[in-house]
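Novice: Just passing along the structure, written as structure tokens.
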Amino acid sequence: ADAPPESLKEDGRPKWDNKFQYLLSCIGFAVGLGNVWRFPYLCQIHGGGAFLIPYFIALIFEGIPLLHLELALGQRLRKGSIGAWSAVSPYLGGVGVGSWVVSVLVSLYYNTVLTWVMWYFINSFQEPLPWSVCPLNENRTGFNEECYESTAVNYFWYRKTLNITPDITENGTLQWWLVLCLAACWAIVYLCTIRGIETTGKAIYVTAIFPYLVLTIFLIHGLTLPGATEGLAYLFTPNLNSLKNPRVWLDAATQIFFSLSLAFGGLIAFSSYNPPKNDCEKDAVMVAIVNCLTSLYASIPVFSVLGFKATTGYWDCLDRNIISIINKFDLPEQSIMRQNYTTWIKLLNSSHPEKIAALKLKSCNLQEFLDQSVSGTGLAFIVFTQAVILMPASQAWAILFFIMLFSLGLSSMFGNIEGVFTPLLELKIISKSIPKELISGIICLIFFLMALCFTLGSGSYWIDIFDSYAGSLPLLVIAFFEMTGVAYVYKIKRFSEDVKWMTGRKPNLYWQITWRFISPLLLLIVFVAFVTLQIQKPASYAAWNPKYEDFPMKEEKVYPPWVLAICVLLAALPCIFVPLVAFFHLIKRTLRSKDPSSVPPEVFSCQVAIS
Amino acid sequence: YAWDANEEYLFKAMVAFAMRRYSSKSTTQISNVLLCNVTDRVSFWFVVTDSAKNVTTVPGSEVEAAIRMNRNRINGAFLLNDKTLQFLKISSTISPPVEPSTPVWLIVFGVVLCLTVAGIIFLIVQGIQRRKKKNKESSDTENLEEKCEVTVTIENGIPCETLDLKAGHINGVYAADDERFASL
């Protein structure tokens, strides 16, 4: 009789169709919305091209070692985050649980951001674009007041999309259009992750490659726009003085860390489906480099478009001034052009200063327009949408842009969901007879119901909280424990042997030094600096309040105490599992140490090395 | 285009036309419209006189109302729009944005949702079919194995019990070979 093939008989574990799928999944997970809307912003405010120096230093000493560690760990132990860390040492099981909790929290709010992207996408099919004109007020005499005082783009985002409340304590109601889009987003996520990597592996071909196509199209189009060169020069002009500010180094370190999606457990899950003998070292270096190059590549079209927008704003300012001057002085049309505006102003100021003063001309400064830097949702939904209106064929550009954002976010969602899914399937609580489709369906349904709270009027304030507290600090803590756990509990020597078994060569001096000393130290410094900076500034948020006296400026408000308590809870919850599980195992061991037939932990660890 | 006497003539004609339409009297002539203070900016003042009432000017409010009524015709005559041909003190009425009966986004959303649900149903059905096939196959192979055993027992003529493979006996010849290999 034929014996069944070894691999299937061993663990029945699903595997990737080919190596390319695995690499694309890792790259898709790492390359996300942050590469498009956070990296260019950081580059801009931290001295342009000079920011690349701390960025690459952080990559070499923090990003790549940690990435290699996670991929190697998952590949060796062939388990999701909870199982893998429990296998390294029962005391470190809390690290896996913490990763799992972070993945749950991030999945909840990340898909709501995708909901906003989808909402803009389906609205991009309208001619003219709904965010280009203000709606009229009730008696049709003028424009809607809120829209008129701010801009049409702002109005569409804050009122028509979010229907935002002026305060985080005012919950508002569920916005039905957002609930519909949220349902659609979770349905799409379910469709792609229905059978785990079997289905995400097929979907990733589209969602990981498509953004690059669109970025290239935007690159070519962006470079042809007027003012693109100003934007690019502004972005890349290095200002080496900014390197003296420690904030820049901290931002570089945190950006690398969050950009590579480390400590989520998703990378461990992905690599656990690999064949055991796979070169994880090359994979890690490749994924990290592709991620960084994508950030750089994405910042070029982003800044071309921002430069175009600034230039157009500057020209509009000039044109308005020119019209008022021409009207006042009854000069012939086309006598003052943008080029000779400054000479005319000087002339008129010397001859008729009181008339010029009476006009109350706004000073037009291109630098000021370029300085209006935005990151995050503001960049995508306010600045970029405004720039798109100014382009010809704006519908097509809007559709392309939002599909690209959706693909970027979706491929990152796959990693998050896999980080939740894989450990759940390995825990004994779910019996094997339940089909995978049902489990993923139940998970997606539960997440959808929980994420409904983000579709309330105050939802976007809560998403900011989740992003700042759940998606930042716990990751640093977990990564620190990951690194020290492998370096000092599992021991680097044994880990190097494992890596040698998998890749065929021993990790060289660079890996040894970074794993043992540099990366844990760096993570500790980053963590301490991050916490110090967070504590120093009072926890506040910017609220959109139409009744505010300085409207359309945002109102600075302080979080009420119960919200602060939730913030602390979000940051502490994943971290608390690390000592909790260790404590639990310690209790278990002391209770069992009275029983002589118990298995000592060293033998348990040896079993892992041999299998 | 350059502003010259012909354009001025057209303007006077348009204002006269507007007055005629508004008041429905056919008495306003082009000569009733007077322009003054024409500047290079191309801005000027104009009045409309009423020849029936002894060269008095028509009240400004009437002229305003007439022009407002025929604004688009006047704009069209000059190939200009509200922004480029401005009548001071006559603000333009804003046309409301076009709103289709069904919001466009709802249609696109429906398409996206239908595609997704279709995909989900397809994959679920595929999964169920695969599982049914696997169950059938495994029960088939089980039957096949049983049949094989039965066949072997009958065909060979040698009952399986004599060839009891479960209780393995070590063949002495092979054991000697093993020792030879172990020394390497």
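Novice: Conditions first: (1) out of contact with any Phe, Trp or Tyr (no Cβ under 8 Å at 6 or more places or on another chain); (2) under 30 Å from A:Ala396 (Cα atoms); (3) within 14 Å of chain B (Cβ to nearest Cβ). A:Val113 passes all but one, so which condition is the exception?
Specialist: (3)
Novice: Oh, and also: B:Thr93: surrounded by fewer than 12 Cβ atoms within 10 Å (Cβ to Cβ), out of contact with any Ser or Thr (no Cβ under 8 Å at 6 or more places or on another chain) and at pLDDT below 60, yes or no? Explain how you work it out, then say what you get.
Specialist: On the way: surrounded by fewer than 12 Cβ atoms within 10 Å (Cβ to Cβ): yes; out of contact with any Ser or Thr (no Cβ under 8 Å at 6 or more places or on another chain): yes; at pLDDT below 60: no.
So B:Thr93 does not fit the description; no.
Novice: Can you find even one residue in the stretch A:156-179 that is farther than 30 Å from A:Ser271 by Cβ and within 10 Å of chain B (Cβ to nearest Cβ)?
Specialist: The initial filter retains those residues of the stretch A:156-179 that are farther than 30 Å from A:Ser271 by Cβ, namely A:156-179.
Now restrict to residues that are within 10 Å of chain B (Cβ to nearest Cβ): A:177.
Yes, there is a match, as at least one residue in the stretch A:156-179 is farther than 30 Å from A:Ser271 by Cβ and within 10 Å of chain B (Cβ to nearest Cβ).
Novice: Tell me yes or no: at least one residue of the stretch B:41-53 is within 14 Å of another protein chain (Cβ to nearest Cβ), exposed (fewer than 13 other Cβ atoms within 10 Å of the Cβ) and modelled with pLDDT of 75 or more. I'd like the intermediate steps shown before the answer.
Specialist: We begin by selecting, within the stretch B:41-53, every residue within 14 Å of another protein chain (Cβ to nearest Cβ); these are B:41-45.
Going one step further and asking which of them are exposed (fewer than 13 other Cβ atoms within 10 Å of the Cβ), we end up with B:45.
The next check asks that each one be modelled with pLDDT of 75 or more; those that pass are B:45.
Within the stretch B:41-53, one or more residues are within 14 Å of another protein chain (Cβ to nearest Cβ), exposed (fewer than 13 other Cβ atoms within 10 Å of the Cβ) and modelled with pLDDT of 75 or more.
Novice: When B:Ala77 is evaluated against the numbered criteria (1) within 14 Å of chain A (Cβ to nearest Cβ); (2) surrounded by 12 or more Cβ atoms within 10 Å (Cβ to Cβ); (3) of a type in the set (Gly, Ala, Ser), which criterion, by number, is the only one it fails?
Specialist: The single condition B:Ala77 does not satisfy is (1).
Novice: Also, quick follow-up: Take the conditions part of a helix (DSSP H, G or I) and either modelled with pLDDT under 90 or under 30 Å from A:Asn245 (Cα atoms) (or both) and apply them to A:Glu602. Does it pass? Can you show your working first?
Specialist: Numbers: part of a helix (DSSP H, G or I): yes; either modelled with pLDDT under 90 or under 30 Å from A:Asn245 (Cα atoms) (or both): yes.
Here the answer is yes, as A:Glu602 does meet what is asked.
Novice: Evaluate the stretch A:321-340: report whether one residue or more is more than 14 Å from chain B (Cβ to nearest Cβ), under 30 Å from A:His46 (Cβ atoms) and either in contact with a Pro (Cβ under 6 Å, 6 or more places away or on another chain) or exposed (fewer than 13 other Cβ atoms within 10 Å of the Cβ) (or both).
Specialist: Step one: of the stretch A:321-340, the residues more than 14 Å from chain B (Cβ to nearest Cβ) are A:321, A:337-340.
Filter once more, keeping what is under 30 Å from A:His46 (Cβ atoms): none.
No - not one qualifying residue is present in the stretch A:321-340.
Conditions tested, residue by residue: (1) within 14 Å of A:Ser259 (Cβ to Cβ); (2) surrounded by fewer than 23 Cβ atoms within 10 Å (Cβ to Cβ).
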site: A:Asn18; (1), (2): no, yes
site: A:Ala30; (1), (2): yes, no
site: A:Ala50; (1), (2): no, yes
site: A:Phe56; (1), (2): yes, yes
site: A:Glu70; (1), (2): no, no
site: A:Trp85; (1), (2): no, no
site: A:Tyr91; (1), (2): no, yes
site: A:Val102; (1), (2): no, no
site: A:Ser107; (1), (2): no, no
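Novice: Under 25 Å from A:Trp544 (Cβ atoms), more than 11 Å from every other protein chain (Cβ to nearest Cβ) and crowded, with 17+ Cβ neighbours inside 10 Å - does that describe any residue in the stretch A:141-148?
Specialist: Taking every residue of the stretch A:141-148 in turn, at least one turns out to be under 25 Å from A:Trp544 (Cβ atoms), more than 11 Å from every other protein chain (Cβ to nearest Cβ) and crowded, with 17+ Cβ neighbours inside 10 Å.
Novice: Can you list residue pairs whose Cβ atoms sit under 6 Å apart, with the first residue in the stretch B:8-34 being in the same structural domain as B:Arg73 (by the TED database) and the second being part of a helix (DSSP H, G or I) and β-branched (Val, Ile, Thr)? Count only pairs 6 or more apart in sequence or on different chains.
Specialist: Sorted first by the residue in the stretch B:8-34, then by its partner, the pairs are B:Lys12/B:Ile30; B:Ala13/B:Ile30; B:Met14/B:Ile74; B:Ala16/B:Ile30; B:Ala18/B:Ile67; B:Val33/B:Val15.
Novice: Only one of (1) more than 10 Å from chain A (Cβ to nearest Cβ); (2) farther than 30 Å from A:Lys160 by Cβ; (3) surrounded by 13 or more Cβ atoms within 10 Å (Cβ to Cβ); (4) at pLDDT 60 or above is not met by B:Asn143, so which one is it?
Specialist: (3)
Novice: If you scan the stretch A:560-577, which residues turn out to be farther than 18 Å from A:Val531 by Cα and either touching a Leu at 6+ places or on another chain (Cβ under 8 Å) or not in a helix (DSSP H, G or I) (or both)?
Specialist: Just the residues of the stretch A:560-577 that are farther than 18 Å from A:Val531 by Cα, to begin with: A:560-563, A:577.
Of everything in the stretch A:560-577, just one residue is farther than 18 Å from A:Val531 by Cα and either touching a Leu at 6+ places or on another chain (Cβ under 8 Å) or not in a helix (DSSP H, G or I) (or both), namely A:Pro560.
Novice: Does A:Ile268 count as among the β-branched types (Val, Ile, Thr), touching a residue at least 40 places away in the same chain (Cβ under 8 Å) and either under 18 Å from A:Trp85 (Cα atoms) or in contact with a strand residue (DSSP E or B) (Cβ under 8 Å, 6 or more places away or on another chain) (or both)?
Specialist: Working: among the β-branched types (Val, Ile, Thr): yes; touching a residue at least 40 places away in the same chain (Cβ under 8 Å): yes; either under 18 Å from A:Trp85 (Cα atoms) or in contact with a strand residue (DSSP E or B) (Cβ under 8 Å, 6 or more places away or on another chain) (or both): yes.
So A:Ile268 passes the test.
Novice: Output the residues belonging to the stretch A:184-202 that are facing chain B (nearest Cβ under 10 Å) and either more than 14 Å from B:Ile124 (Cβ to Cβ) or not in a helix (DSSP H, G or I) (or both). Reasoning before the result, please.
Specialist: Within the stretch A:184-202, the first condition is being facing chain B (nearest Cβ under 10 Å), and the residues that meet it are A:184-192, A:194-195, A:198-199.
A:Ala184, A:Cys185, A:Trp186, A:Ile188, A:Val189, A:Ile194, A:Arg195 - these are the residues of the stretch A:184-202 that are facing chain B (nearest Cβ under 10 Å) and either more than 14 Å from B:Ile124 (Cβ to Cβ) or not in a helix (DSSP H, G or I) (or both).
The values are calculated or read from the model by the stated rules, or taken from the named source; none is laboratory data. Treat the numbers as computed from the prediction; the structure is a model and nothing was measured. Neighbour counts run over all protein chains shown; Cβ positions are idealised from the backbone, glycine included.
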